[in-house]
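Notes follow the structure.
The values are calculated or read from the model by the stated rules, or taken from the named source; none is laboratory data. Treat the numbers as computed from the prediction; the structure is a model and nothing was measured. Neighbour counts run over all protein chains shown; Cβ positions are idealised from the backbone, glycine included. We work out accessible area using only protein heavy atoms, side chains counted, and drop any ligands, DNA or RNA first. Shrake-Rupley method; radii C 1.70, N 1.55, O 1.52, S 1.80 Å.
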Amino acid sequence: MIAAERTRTNWAGNVTYRASGLARPTSVDEVQRLVASTPRLTALGSRHSFNTIADTDALQVSLADLPPVLDVDADRRVVRVAAGMVHSQVAAGLEARGWALANLASLPHISTAGAVATGTHGSGVRNASLAQAVVGLEVVRADGSVAWVDASSPDGALDAHRVALGALGVVTAVELAIEPTFEVATTVHLDLPWDAVLEHFDAVVSDAYSVSLFTSFDDRGARQVWVKHRTDEPAPSVDLVALGARPATGPVHPGENDPAGVTEQGGVPGPWSERLPHFRSSFTPSTGAEIQAEYLVPAGSAVAALQALRPLEPVFAPLLIAAEVRTVAPDTAWLAPSSGRQSVGLHFTFRRDTEAVAAAVERIEQVLAPFDARPHWGKVSGMGAERLHEVYPRLGSFAALARDLDPAGRFRNLFLARVLS
């Protein structure tokens, strides 16, 4: 079914879609017919991208109405899920069956295929992006045919498709690697001084399964340190109190919202599905009226990058809701922001002021240029095509593959035309 044109925006409200209509197919067959008969279309996930990656002046296609599929193959340790299912659905279904994904993003509200397509990640020095868990994808090609891509596909096709920006087809199902369920306990400390952050950075971020630092780049240093400990692993050993931090005495929100919306803290163990995300699926995630940017730098450059960003605190003061520092293990996906290198993500959640954010992002990119920073594909960036090809070495190969698989540009929108040029 194709809905008539009306004003629609992304989740944050900073992008008004220009699409002529929105299709909501209810079967893969319907997706095939739609693709084959439509000159141009763009897949739309859960609308949590902050740029125009899912925008088009043609037709948007949502997969949210495809039948929910969650088929566990215990022998292979994989689960097949419908692409439009959000991670909270997938996580709850897996937990009920005694299985888990290795990692989740901070928001459980995002679609599985959309998170994969943009290289979205959680945190943890051993945890790669969510795309690395993909072991197979079902893709509707530009001619309407269905292709299955996995590790047996030639020419590294799986790694090309793991983070594909919507350029290679409409993904209708994914297979993800799973493991037996586990429990996680989250503790939070406040106001870890900058000296301790910089001197003990590697020890702090690697002290548990998943660690996040939140900062405003002011004199408070890391104003929150979230430590997510797998209870089946050794307990964290870094004494944050001895380094100058203080334990939180109650739940805290990384931004400015009511902490009722965050997942449980205080060191109370719970299922991975209810601890690895920062936010509860039953609440509106994060702040809402915001714009996000993020850059991944090599892990060895993280301390220098943080030091280089600190002088921008006057720029951030009226605009920044929260900045989060996370770690990401190397990916094999061609276009993953952490592809081929241990990385640290420098994430910025800004107030929804488009012009001020654009100016701040320009300053951030200038400061981070010496550190070979790669922007997150689903967040705002001012980086041009030439620079993107420099920081993403496989982008040229990916662009050539996109031309081969979609010679008429059926899946091409202005975002792809810019970054793949």
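Summing +1 for each Lys or Arg and -1 for each Asp or Glu among the other residues whose beta-carbon sits under 12 angstrom from that of L63 gives -2. Share of carbon and sulfur in the accessible area of the chain stands at 52%, probe radius 1.4 Å.
On a per residue basis, segment 215-277 carries 45 Å² of accessible surface, using protein heavy atoms and a 1.4 Å probe. Taking R0 as 22 Å, what FRET efficiency do you get between A359 and E390 from their Cβ-Cβ distance, rounded to the nearest 0.05? According to the calculation, E is roughly 0.45.
At a probe radius of 1.4 angstrom, the accessible area of segment 91-134 per residue rounds to 24 square angstrom. At q = 0.16, 0.20 Å⁻¹, what is the log10 ratio I(q)/I(0) for segment 48-101, with the Debye formula run over Cα points and no solvent? So the normalised log intensities are -0.60, -0.78. Scattering from the C-alpha atoms of segment 1-102 alone, worked out with Debye: what is log10 I(q)/I(0) at q = 0.13, 0.22 1/Å? Debye intensities relative to I(0), on a log10 scale: -0.56, -1.10. Accessible surface for segment 135-186, divided over its residues, is 31 Å² per residue with a 1.4 Å probe. Convex hull of alpha carbon positions in segment 85-157: directionally averaged projected area 6.2 nm².
Positive end of the charge dipole of the chain (Lys, Arg +1 and Asp, Glu -1 on Cβ, about the Cα centre): tell me which of G378, A322, V238 has its Cα farthest that way. Toward the positive end, the furthest listed residue is G378. Close amide H contacts of L70 (hydrogens built in the peptide plane, cut-off under 5 Å, sequence separation of 5 or more or a different chain): none are found. Computed from Cα atoms, the angle from the helix 28-37 axis to the main principal axis of the chain rounds to 70 degrees. Across segment 142-158, rounded Karplus estimates of 3J(HN,Hα) from the backbone phi angles (6.51 cos²θ - 1.76 cosθ + 1.60, θ = phi - 60°) give 4, 8, x, 6, 9, 10, 10, 10, 8, 5, 7, 5, x, 6, x, 4, 4 Hz, Gly and Pro being marked x. Near the amide H of I110, within less than 5 Å, lie the amide hydrogens of H87, S88, all on another chain or at least 5 residues away, with H placed in the peptide plane. In order along segment 331-346, the Karplus-derived 3J(HN,Hα) couplings, from 6.51 cos²θ - 1.76 cosθ + 1.60 at θ = phi - 60°, round to 9, 9, 4, 4, 10, 5, x, 9, 4, x, 8, 4, 10, 10, x, 10 Hz, and Gly and Pro are given as x.
Using Cα-Cα distances under 8 Å and only pairs 6 or more residues apart, what relative contact order does segment 200-326 have, in percent?
This gives 31 percent for segment 200-326.
What is the Cα centroid distance between segment 303-378 and segment 91-139, reported in whole angstrom? A separation of 22 Å, based on Cα centres.
Couplings 3J(HN,Hα) for segment 50-58, derived from phi with the Karplus relation 6.51 cos²θ - 1.76 cosθ + 1.60 (θ = phi - 60°), are 9, 10, 9, 4, 9, 8, 6, 9, 10 Hz, where x marks Gly and Pro.
Across segment 335-392, Cα-Cα distances exceeding 12 Å account for 69% of all pairs. If you take all other residues with their beta carbon under 13 Å from the beta carbon of N413, and give Lys and Arg +1 and Asp and Glu -1, the sum is +2. Against the compact-protein benchmark of 2.2 N^0.38 Å, the Cα-based radius of gyration of the chain scales to 0.94.
So, counting K/R as plus one and D/E as minus one, what does the shell of residues with Cβ under 14 Å around D29 add up to? Don't skip to the answer; put the middle values down first.
Numbers: positive: R33; negative: E30, D65, E138.
Cβ neighbours under 14 Å give a net charge of -2.
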